Amino acid sequence: MSSVEHFSRHKKRQTDRAISLAYASLAADARARGHFDELLCHVRTRAPRLFDAPWAEEQHLGIEALINLARHWEGHIRPLATWPGSDRSWRAVVNSLAQHLLSKHRIPAFLSAAWYATDEAFGEAKRRWFVAHGAGASLRSLGLPIQMTRKMEHVFLASPDHFGIEYAMRRAELLGLGAEPALVDAVLAARPALDLHHGDFWRTAWLLLISHRWEGDTGQVAPLIDFLHAVRHERVAVDTADGIVLREPPLPDLSLKGRTVRSVLRLMVDWHRNLGLGIGGLTWERSRLRPIVLEVPHEDQSRPPTFWELTELTNSAQLRAEGAALQHCVASYSHACWQGRSRIWSIRRRCNVSVRSVLTVEVDPRRRVVVQARGFRNRRAAGRALNVLQTWAARENLRLATISPGRNGDRARN
C-alpha cells in the first residue's frame, strides 16, 4: 500500500469515528439528530471538502460545525434542500451553509468560525451572536465580553475572513481606542490578549499602553501583558506533599490606577527575579515533537564545532532555571504546560563543555503553532537561533506565528 493510500484510509477512519461520536452526542435530541443526518447527506454530495477540516481539541472541526448547526435547527430560515453546495475550502463550506440556514442578512465570513468553535468559555455565545446578528441585531446590543463603541463595531465587522473572532474583537477594541498599528501587533502577540475575560481590567491596561510613548520599541509589550495576566488572573498549580494544589494568583486585586508603564515594568522585573525562588513544582510528559541538534563547523578547522540544540523543558524547575538564565517570565508557564495547553522548548548553544540558553520557544500543541520565541530579557528571535527554530518548525510541520514582524496573522484563526 502506498503512503497516499495509507493516509487516505487513515483519514477516512478518523472521519467515520468523528461521525459516530457526533451521533452519540445527539442521541438525546431526536430533532437535532435528524437534522444532522440530513446535513451530513447534503455535504457528502454537495460539499465533500468539509471533511478536509482538521482536528482540534480532539474534535473534527467540520463535523463539529454540522453538530452545532443541527442543534440550532429551530433558527433555520431556509430549507437545506435549496442550498447549492460549495466546492471551496472547508471553512468556506461552513460559512456558506451557516449563512444559508441562519442569516437573513449577509454577515462577515469570519463570524462563521462560531460554528466550529470548541472553547467552553464563549463557544455557544459566539453562535448566539451569529444568529442574532444574522437576523439584524447590532453586535453592540448582544452583551459581548468587550464593551464596543460604534467605531469598534465598524472595525470588527470589517475584519478579514481569516481572522479568529477573539483576535478580531481585540484588534477592533485597540484600534477603536486609538492604538497605533505597531502597538496593536505587539498586544496581539501576547497569549492572554486573546482571552476575552476581565474586560474592564484589560481596557485600563490598553489605555495605559496607548498613553505611553513607545517610540517604535514595543518589545516589552507582550511580556508585560503576560506578567499582568499571571499575577492577576492565572491560578497556579503547585506540587506539594499533599498532592497538586491550585493556588490563587498572587495579586488578584492589582489595579493600574495611578501607575505608569515604567512602574509596571519595574514590577515585572522584580517578579521575574522572584520566579526562581518558587518551591514545589510540576512535571509533565514530553510531547511528540522531536528535539534537534545542528552542528556548525568553526571557520578555523582546528577548533571544535558549535552545536545548536533545541530541547523540551518538562518540569517547573527547568522553567525556573530557563527564566533565570534569560531573565524572562517562562517560569509562570508551568501550569499551562501541566494542563497540556503549552509546551516550552529551549534553544541552547553548546561549545566544548560550555552550554548557554539563547532562546525560549512556546508551542501550542493543539494548533501546532510556535506562538512566541524570546531571548535574553524578552528580545525577539534573530540570527542563528532563529534559523535553528525555522529549520525545526519546518521539519516538525509547525507554523510560526509571532516570531518576526508581520507574522501575527498566523495567530488569527480560532
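All of the numbers you see were taken from the coordinates with simple rules; none came from a lab. None of the values given here were measured: they were computed from a predicted structure. Note that each Cβ is placed from the backbone with ideal geometry, even for glycine, and that neighbours are counted across all protein chains shown.
Going highest first, how would you order 142-149, 170-177 by mean Cβ packing within 10 Å?
170-177, 142-149
Around VAL93, with a cut-off of 10 angstrom between Cβ atoms, what is the net charge of the other residues, counting Lys and Arg +1 and Asp and Glu -1?
My count for the surroundings of VAL93 gives +2.
Using the Karplus equation 6.51 cos²θ - 1.76 cosθ + 1.60 (θ = phi - 60°), what ³J(HN,Hα) coupling, rounded to whole Hz, does each residue of segment 360-377 give in order, writing x for Gly and Pro?
Values per residue, Gly and Pro as x: 9, 10, 9, 10, 8, x, 6, 9, 6, 10, 7, 8, 6, 9, 10, x, 4, 6 Hz.
Ordered by packing density, taken as the mean number of other Cβ atoms within 10 Å over each peptide's residues, highest first, how do 48-59, 72-83, 5-16 rank? Can you show the working numbers first?
Numbers: 48-59: 16.2, 72-83: 13.5, 5-16: 11.3.
Packing proxy ranking, top to bottom: 48-59, 72-83, 5-16.
Rounded to the nearest 0.05, what FRET efficiency is calculated for ASP37 and GLU396 with R0 set to 51 Å and r the Cβ-Cβ distance?
0.85
So how tilted is helix 261-275 from the main axis of the chain? Cα-based, degrees 0 to 90, rounded to 10.
Around 70 degrees separate the two axes.
Percent relative contact order of the chain, based on C-alpha pairs within less than 8 angstrom and at least six residues apart?
10 percent
Determine, for each peptide in 198-206, 62-70, the mean count of other beta carbons within 10 angstrom over its residues, then list the peptides with the highest first.
Top of the packing list down: 62-70, 198-206.
Across all directions of projection, what mean area in square nanometres is found for the Cα convex hull of segment 292-411?
7.7 nm²
What number results when the radius of gyration of segment 1-125, computed over Cα atoms, is divided by 2.2 N^0.38 Å?
1.05
Which of rounded, prolate, oblate describes segment 14-66, given a ≥ b ≥ c as roots of the alpha-carbon gyration tensor eigenvalues and a/c under 1.5 marking rounded, otherwise prolate only if a/b is larger than b/c? It would help to have the intermediate numbers written out before the result.
On the way: a/c = 2.25, a/b = 1.17, b/c = 1.92.
Verdict is oblate for segment 14-66.
Students often forget the sequence filter, so: which aspartates and glutamates lie under 12 Å Cα-Cα from LYS151 once same-chain residues fewer than 8 apart are removed?
GLU173
Once semi-axes √(5λ) of the Cα gyration tensor in Å is worked out from the coordinates, which option in [x] 39, 24, 21; [y] 40, 28, 20; [z] 51, 21, 16 does it equal?
It is the one labelled [y].
Kindly provide the helix-only [θ] at 222 nm of the chain, computed as the sum of -39,500 (n - 2.57) over DSSP H runs of four or more divided by all residues, to the nearest 500 deg cm²/dmol?
Per the formula, -13000 deg cm²/dmol.
With a cut-off of 8 Å between alpha carbons and a minimum separation of six or more residues, what is the relative contact order of segment 137-282 in percent?
Over segment 137-282, the number comes to 18 percent.
What is the local net charge at SER141, summed over the other residues whose Cβ is closer than 14 Å to its Cβ (Lys, Arg +1; Asp, Glu -1)? Provide the component values of the computation, followed by the final result.
Details: positive: ARG128, ARG140, ARG150; negative: GLU153.
Once all neighbours under 14 Å are counted, the net charge is +2.
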